[in-house]
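Notes to accompany the following structure.
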Amino acid sequence: MKKNILILVTAAVIASACKSDKKENKAEEASTAQDTTAMASNEDNWNKLFNGENLEGWKAFNADSISDQWQVKDGVIAFTPAEGERESTENLISENTYTNFELSLEWKISEGGNSGIMWGVQESEEFSEPYLTGPEIQILDNKLHPDAKNGEVRQAGALYDMMPPSEDKTRNAGEWNKTVIRINHKTNKGSVRLNGTLINEFPVHGEEWSKLVENSKFKDWEDFGKSREGHIALQDHSDKVWFRNIKIKELQ
């Protein structure tokens, strides 16, 4: 009799365990499905800022047309400065404006070259350059450009002249680098990922931001970094530079 009771109890325990395993498996499957859906949803939230074919969605800063210094070939935006002395720079800006966003792109710089990516840029005749209003994430050949020797706040991945990168993750001049810039005024956080590594974090407004500006070359620039909404800019710094796979995700 005792033996039969023991068998029944054991069977009940096994059955209960099987049911528990099935519930856990279903929960794991549901969780995996949710994660997959979330990933797909996040991917759907990305919008292409560059269609790979032309400069639709972009314009020259303070100009009605874009010169052939900016060209598209094989899915790449290439900037080649005109030969000889130029009267002015020709920066490229997005037609749309953005406030809270994540920007992903790939870039490569010429040997000894310099460029940058700006946000919060205001377009107006009173501003001759995007950098008068828009903070910049530096693009640089760290090995050969002299700016790299003027302090880490001017090296690739820096919040230019304000916050240095934690480490140098750049590839050699002429090689592609992937940068992801996240600007969120709701959380007051900005960040830069370079080639998969988080290399920079900084505030984007408020007291701590003001301290960064106060200790930089922008100290007396009245309109610098004041606008939360603005254009994205790709800088003409008179050096060859290339961009591709540009996309943006607006943060809710």
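The values are calculated or read from the model by the stated rules, or taken from the named source; none is laboratory data. None of these values were measured; they are calculated from a predicted model. Backbone-built Cβ (ideal geometry, glycine too); neighbour counts: all protein chains shown. Only protein heavy atoms, including side chains, enter the accessible area calculation; ligands, DNA and RNA are left aside. Shrake-Rupley method; radii C 1.70, N 1.55, O 1.52, S 1.80 Å.
Assorted remarks:
- Selection of segment 228-252 for residues being over 30 Å from ASP68 (Cβ atoms) and open to solvent by 40 Å² or more (accessible area, probe 1.4 Å) yields ARG228, GLU229, GLU250, GLN252.
- Enumeration of residues in segment 75-89 that are surrounded by fewer than 20 Cβ atoms within 10 Å (Cβ to Cβ) and either under 23 Å from TRP176 (Cβ atoms) or of a type in the set (A, V, I, L, M, F, W, C) (or both): GLY75, VAL76, ALA78, THR80, PRO81, ALA82
- Among strands (runs of 3 or more DSSP E) entirely within segment 154-211, having at least 3 residues that are of a type in the set (A, V, I, L, M), closer than 17 Å to PHE101 by Cβ and touching a residue at least 40 places away in the same chain (Cβ under 8 Å) singles out 177-184.
- Taking the criterion of being crowded, with 16+ Cβ neighbours inside 10 Å and either at pLDDT below 95 or of a type in the set (D, E, K, R) (or both), the residues of segment 90-125 that qualify are GLU90, GLU102, LYS108, GLU123.
- Matching option when the condition is at pLDDT 95 or above and either among the small types (Gly, Ala, Ser) or crowded, with 22+ Cβ neighbours inside 10 Å (or both), among VAL180, VAL192: VAL192
- Count of segment 57-68 residues which are surrounded by fewer than 16 Cβ atoms within 10 Å (Cβ to Cβ) and either touching a Pro at 6+ places or on another chain (Cβ under 9 Å) or closer than 16 Å to LEU105 by Cβ (or both): 1
- Test: residue in segment 78-87 that is modelled with pLDDT of 95 or more, more than 25 Å from TRP46 (Cα to Cα), assigned to a loop (DSSP other than H, G, I, E, B) and in contact with a His (Cβ under 8 Å, 6 or more places away or on another chain): no
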